[in-house]
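Coordinate-derived values only; no laboratory data. Note that the structure is predicted; figures quoted are calculated from it, not measured. In this analysis, Cβ positions are derived from the backbone assuming ideal geometry, glycine residues included, and neighbour counts consider all displayed protein chains.
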Amino acid sequence: MSTVQTKIYTPEDLLAMPDSCGVELVNGNLVEKPVSVLSGLVVARTSRLLDAYCHSHRLGVVLSSSNGLQCFPNDPDNIRKPSLTFVKRERLSQKHLREDFLTIAPDLAVEVVSAHDQASGLNERVEEYLGAGIPLVWVIDPLNEIIMIHRGDGSTAKLRRHDRLSGEGIVPGFECTVAELLPELLA
């Protein structure tokens, strides 16, 4: 009887891949992160609003999904790529800026749901983020026009189109309606 050996990938393997932007590393396996046009629009809009606010108030940096996270204490070789992350200015050093993957837990992780995402995968991501010490996670579901907020203390909130999203104590003063992050429907 023969067994088929599958390759276990490392963070270094992921870095060496020419087109690894939409690929994560989970338990040594390459996992493609699905993206749709709608989720891409919401990522762009959210990034623009959040980055402009953080830049003008000198709060910290907003990073895109091309910047992977390697900050999981129970899985040090896992690389996750949230749609967006925010790291407070006082927590970021020159050393962090030179890293291949961010090794500190960001202060905010944002996941924008694609039509191809599965609920179990999203829930797993949120649990990993909270377990790594990320205090605030936004899961934006543009198709259903809701945002689920997950906090490090275990509390959650659900926001709908006309509700206001707040940066809470993580991105102090940041506020917008859920609708501001969603594209207008094409007629």
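A few notes on this one:
- Relative to the longest principal axis of the Cα atoms of the chain, the long axis of helix 119-131 lies at roughly 90 degrees.
- Per-residue Cβ neighbour counts within 10 Å put Ile8, Ile79, Ile104 in the sequence Ile8, Ile104, Ile79, beginning with the fewest.
- Mean ellipticity per residue at 222 nm, deg cm²/dmol - from DSSP H runs of n ≥ 4 across the chain, formula -39500 (n - 2.57): -7000 deg cm²/dmol
- At 1.306 mPa s and 10 °C, Stokes diffusion of the chain via Kirkwood alpha-carbon radius, µm² per second: 93
- FRET efficiency for the Lys7 to Glu99 pair, using the beta carbon distance and R₀ = 30 Å, is estimated at 0.75.
- Environment charge of Glu124, counting only residues whose C-beta is closer than 12 Å and scoring Lys/Arg +1, Asp/Glu -1: -4
- The relative contact order of the chain, computed from alpha carbon pairs under 8 Å that lie at least 6 residues apart in sequence, is 17 percent.
- Gap separating the Cα centres of the range 100-171 and the range 72-88, nearest whole Å: 13
- Net charge, Glu12 excluded, C-beta distance under 14 Å - Lys, Arg +1, Asp, Glu -1: -3
- Reachable lysines, given that their alpha-carbon falls under 24 Å from the alpha-carbon of Lys95 and they are not under 8 places away in the same chain: Lys81
- Classified by the C-alpha gyration tensor, the range 90-187 has a prolate form. Its axis ratio a/c, with a ≥ b ≥ c, is 1.5 or above, and a/b is larger than b/c.
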